[in-house]
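The values are calculated or read from the model by the stated rules, or taken from the named source; none is laboratory data. If you're wondering where the values come from, they're calculated on a predicted model, not measured in any experiment. Neighbour counts run over all protein chains shown; Cβ positions are idealised from the backbone, glycine included. These accessible areas exclude ligands, DNA and RNA; they are computed on the full protein's heavy atoms, side chains included. Shrake-Rupley method; radii C 1.70, N 1.55, O 1.52, S 1.80 Å.
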Amino acid sequence: MNESPEPGAAIHPEHPFAAPADARDPARQLRGRLVAPVTVWTAGSGSAAAGLTVSSMLMAGGEPPTTVCGLLDPDSDLAEAVGDSGQAVINVLRWPHRTIADVFAGLHPSPGGPFRTGEWSAGPVGPVLADAAAVAIVTVVEQRPMGWSSLVTATVDDIQLLDSDDDDLLAYVRGRYRTITAVRGG
């Protein structure tokens, strides 16, 4: 008697769509090893509000003012909204915001629109996540092509920090979310 295989898919430890090890791009592998913050940048209001998960960003301190650089998808609604208004909100995400990060990255559905996931309020230049670890209001100085992205350089106008000892900041490394607890001290 012939036995037929069990229905369903077999689960393997390797990713089914991963490139073979000898064909992987070294620059992409390096980037995957860099710990990146997970933020959602927003701009606009009402039905014109747009947002995008951004982990390719950095801040450069200085007097005056502090500068933020971020890489945006040039075809995104956010890039257009930032180009139109010249301002944006940077919402720094925490560990519980993983679904929000996926929604604004276009990886998770959000019936009714992306701002239905999470608790958002109207900010001065774009939506603000109620329990973000930090929020920065920025004014765009320059927006130009950079590789496959649009490099946005902006100055920081205002910063709001969540008053909490357990931020559990959300980070992205090697294709996965990780949590990083902020270290506080003197």
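Table for the structure above
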item: Accessible surface ranking that places the most exposed of 148, 41, 120 first, with a 1.4 angstrom probe; result: 148, 120, 41
item: Neighbourhood net charge (14 Å Cβ-Cβ; Lys/Arg +1, Asp/Glu -1) for residue 21; result: -1
item: Heavy-atom accessible surface of the range 66-150: percent carbon and sulfur, 1.4 Å; result: 52
item: Tail fraction, Cα-Cα pairs, the range 79-186, threshold 24 Å, whole percent; result: 32
item: Per residue value of the accessible surface for the range 49-170 (all protein chains in place, 1.4 Å probe), Å²; result: 52
item: Most mobile of 110, 47, 55 in a GNM of the chain (Cα contacts under 10 Å); result: 47
item: The range 121-136 - phi-based ³J(HN,Hα) in whole Hz, Karplus 6.51/-1.76/1.60, Gly and Pro as x; result: 10, 6, x, x, 10, x, x, 10, 6, 4, 10, 5, 5, 7, 9, 10
item: Dipole of the chain, positive direction: furthest Cα of 129, 104, 150, with charges on the beta-carbon; result: 150
item: The range 76-186 - charge dipole about Cα centre, Lys and Arg +1 at Cβ, Asp and Glu -1, debye rounded to 20; result: 500
item: Overall form of the range 31-78 per C-alpha gyration tensor (a/c, 1.5; a/b vs b/c); result: oblate
